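Chemist: Structure in C-alpha coordinates, see below.
The values are calculated or read from the model by the stated rules, or taken from the named source; none is laboratory data. All values derive from a computational prediction rather than experimental measurement. No Cβ is skipped: glycine too gets one built from the backbone with ideal geometry, and neighbour counts run over all protein chains shown.
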Amino acid sequence: MSDTTIRLDSAVRDKLRALADEDHVTLGDLLGRLAEHEQYQREMRRANEVMDRMQREDPAAWHEYLSELHAFEAGTARDGLSAATADWPEYNDAAGSAHGAIPGR
(Lines give C-alpha, C1' and ligand atoms only; values in the text may rest on other atoms or scores of the structure.)
Protein backbone atom coordinates (compact mmCIF):
# COMPACT_ATOMS: atom_id res chain seq x y z
CA MET A 1 0.00 0.00 0.00
CA SER A 2 1.33 3.43 -0.84
CA ASP A 3 1.15 6.57 1.26
CA THR A 4 -0.72 9.67 0.18
CA THR A 5 -1.33 13.19 1.39
CA ILE A 6 -4.70 14.71 2.20
CA ARG A 7 -5.59 18.33 2.86
CA LEU A 8 -7.57 19.19 5.94
CA ASP A 9 -8.11 22.05 8.29
CA SER A 10 -5.34 22.36 10.87
CA ALA A 11 -7.88 22.26 13.73
CA VAL A 12 -9.15 18.89 12.46
CA ARG A 13 -5.57 17.65 12.08
CA ASP A 14 -4.81 18.69 15.66
CA LYS A 15 -7.88 16.86 16.99
CA LEU A 16 -6.93 13.74 15.07
CA ARG A 17 -3.33 13.96 16.28
CA ALA A 18 -4.50 14.27 19.90
CA LEU A 19 -6.71 11.20 19.51
CA ALA A 20 -3.90 9.22 17.90
CA ASP A 21 -1.47 10.25 20.63
CA GLU A 22 -3.96 9.26 23.33
CA ASP A 23 -4.24 5.77 21.80
CA HIS A 24 -0.49 5.55 21.08
CA VAL A 25 -1.09 4.89 17.40
CA THR A 26 -0.06 6.61 14.19
CA LEU A 27 -2.36 9.11 12.57
CA GLY A 28 -2.74 6.70 9.65
CA ASP A 29 -3.80 3.88 11.98
CA LEU A 30 -6.32 6.16 13.69
CA LEU A 31 -7.78 7.27 10.35
CA GLY A 32 -8.02 3.65 9.27
CA ARG A 33 -9.91 2.76 12.46
CA LEU A 34 -12.21 5.77 12.03
CA ALA A 35 -12.94 4.78 8.43
CA GLU A 36 -13.73 1.19 9.49
CA HIS A 37 -15.99 2.47 12.26
CA GLU A 38 -17.86 4.78 9.89
CA GLN A 39 -18.27 2.00 7.33
CA TYR A 40 -19.64 -0.33 10.04
CA GLN A 41 -22.06 2.36 11.29
CA ARG A 42 -23.40 2.91 7.78
CA GLU A 43 -23.86 -0.82 7.22
CA MET A 44 -25.76 -1.10 10.50
CA ARG A 45 -27.98 1.87 9.57
CA ARG A 46 -28.76 0.22 6.23
CA ALA A 47 -29.53 -3.09 7.96
CA ASN A 48 -31.82 -1.31 10.42
CA GLU A 49 -33.59 0.42 7.55
CA VAL A 50 -34.18 -2.94 5.86
CA MET A 51 -35.54 -4.39 9.10
CA ASP A 52 -37.78 -1.37 9.66
CA ARG A 53 -39.09 -1.59 6.09
CA MET A 54 -39.78 -5.32 6.45
CA GLN A 55 -41.64 -4.75 9.71
CA ARG A 56 -43.71 -1.99 8.11
CA GLU A 57 -44.31 -3.40 4.63
CA ASP A 58 -44.29 -7.19 5.10
CA PRO A 59 -45.60 -8.11 8.55
CA ALA A 60 -45.75 -11.82 7.66
CA ALA A 61 -42.06 -11.87 6.77
CA TRP A 62 -41.28 -9.86 9.90
CA HIS A 63 -43.08 -12.38 12.13
CA GLU A 64 -41.35 -15.26 10.35
CA TYR A 65 -38.00 -13.56 10.97
CA LEU A 66 -38.81 -13.08 14.66
CA SER A 67 -39.91 -16.71 15.01
CA GLU A 68 -36.66 -17.88 13.45
CA LEU A 69 -34.68 -15.52 15.67
CA HIS A 70 -36.40 -16.76 18.84
CA ALA A 71 -35.88 -20.40 17.79
CA PHE A 72 -32.20 -19.69 17.21
CA GLU A 73 -31.88 -17.94 20.57
CA ALA A 74 -33.63 -20.83 22.33
CA GLY A 75 -31.14 -23.24 20.78
CA THR A 76 -28.12 -21.16 21.72
CA ALA A 77 -29.43 -20.74 25.26
CA ARG A 78 -28.75 -24.46 25.74
CA ASP A 79 -25.18 -24.30 24.42
CA GLY A 80 -23.69 -23.50 27.83
CA LEU A 81 -22.22 -20.16 26.81
CA SER A 82 -22.82 -17.05 28.89
CA ALA A 83 -25.26 -14.37 27.78
CA ALA A 84 -23.80 -11.70 25.54
CA THR A 85 -25.07 -9.05 27.94
CA ALA A 86 -22.60 -10.35 30.53
CA ASP A 87 -19.72 -10.36 28.04
CA TRP A 88 -20.47 -6.92 26.56
CA PRO A 89 -21.84 -4.75 29.39
CA GLU A 90 -21.03 -1.53 27.53
CA TYR A 91 -23.91 -2.33 25.15
CA ASN A 92 -26.48 -2.79 27.92
CA ASP A 93 -28.94 -0.07 28.83
CA ALA A 94 -29.88 0.79 32.40
CA ALA A 95 -32.61 -1.86 32.40
CA GLY A 96 -30.05 -4.52 31.53
CA SER A 97 -31.17 -5.43 28.02
CA ALA A 98 -28.83 -5.22 25.05
CA HIS A 99 -29.29 -2.35 22.59
CA GLY A 100 -30.17 -3.61 19.15
CA ALA A 101 -29.81 -7.25 20.20
CA ILE A 102 -33.37 -7.95 19.14
CA PRO A 103 -34.99 -6.13 16.24
CA GLY A 104 -37.25 -3.30 17.19
CA ARG A 105 -34.40 -1.54 18.96
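Chemist: Could you list, in sequence order, all residues of the stretch 1-15 that are closer than 15 Å to Thr26 by Cα, among the acidic types (Asp, Glu) and at pLDDT 95 or above?
Modeler: Answer for the stretch 1-15, where residues must be closer than 15 Å to Thr26 by Cα, among the acidic types (Asp, Glu) and at pLDDT 95 or above: just Asp14.
Chemist: Which condition number in (1) exposed (fewer than 10 other Cβ atoms within 10 Å of the Cβ); (2) under 22 Å from the mean Cα position of the chain (by Cα) is the one that Gly75 fails?
Modeler: Every condition holds for Gly75 apart from (2).
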